[in-house]
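The structure's right below; bear with me while I get my questions together.
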Amino acid sequence: MSHPPIPEGMSPEDINVVPELRFILGRLRESLKENPNASGNGPSGTTPAPASGTTPGGGGGGGASSSSKGALTVKEFPAACDNVRHKIQRARRLIQTAPDMQRTIAQQEAEIAMLEERKRKQIATLMYIKEEGMKFAARGESTEELQLHAGGESEMMNTDD
């Protein structure tokens, strides 16, 4: 069974969000180390102090985060994750266009069983050919003599199933 190629435009980077998420969480952790009350677990009624280089309005004037490399406040975290969220949504769409996504597990298991049986037959055929080759080499027969012996064995070597 031949499978169609992977959809154009799909690459491992399209579905791997771990490095980017790790970077964002590292920035958040840096902020929490600098200001432990920024997690919102401080005494009630306190406002977490902004991380270095940020303004209480939400970022150093350049978008949702203070800097792409600096500390990240809890307030800025959802906006910083937007790119990851969009990447996951795009990956879902790409994966749905991947070949054989509509196949059920039962169909896949049936194909696997068929392929395993085909492999078993091929191995048996190769073992038969090896044994006959060893016998031929040991006897020192000519090619014509081998063809006479193999005349009744040809159906065993057929693996087109």
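The values are calculated or read from the model by the stated rules, or taken from the named source; none is laboratory data. Keep in mind it's a predicted model, so treat the numbers as computed, not measured. As a convention, Cβ positions derive from the backbone with ideal geometry for all residues, glycine included, and neighbour counts pool all protein chains shown.
Hey, could you check region 68-118 for residues that are polar (S, T, N, Q) and closer than 30 Å to Glu30 by Cα and say which is surrounded by the most Cβ atoms within 10 Å (Cβ to Cβ)?
So in region 68-118, the residues polar (S, T, N, Q) come out as 68, 73, 83, 89, 96-97, 102, 104, 107-108.
Filter again for closer than 30 Å to Glu30 by Cα, leaving 68, 73, 83, 89.
On the way: Ser68: 11, Thr73: 25, Asn83: 13, Gln89: 10.
Per the stated criteria, the residue is Thr73.
Among the listed residues Ala79, Ala38, which satisfies the condition of being modelled with pLDDT of 90 or more and among the small types (Gly, Ala, Ser)? Quick ask: steps written out before the conclusion?
Details: Ala38 fails: modelled with pLDDT of 90 or more.
Just one listed residue meets the conditions, Ala79.
Okay, next question. Mind checking whether some residue in region 143-151 is part of a helix (DSSP H, G or I) and at pLDDT 75 or above?
No; the residues of region 143-151 include none that is part of a helix (DSSP H, G or I) and at pLDDT 75 or above.
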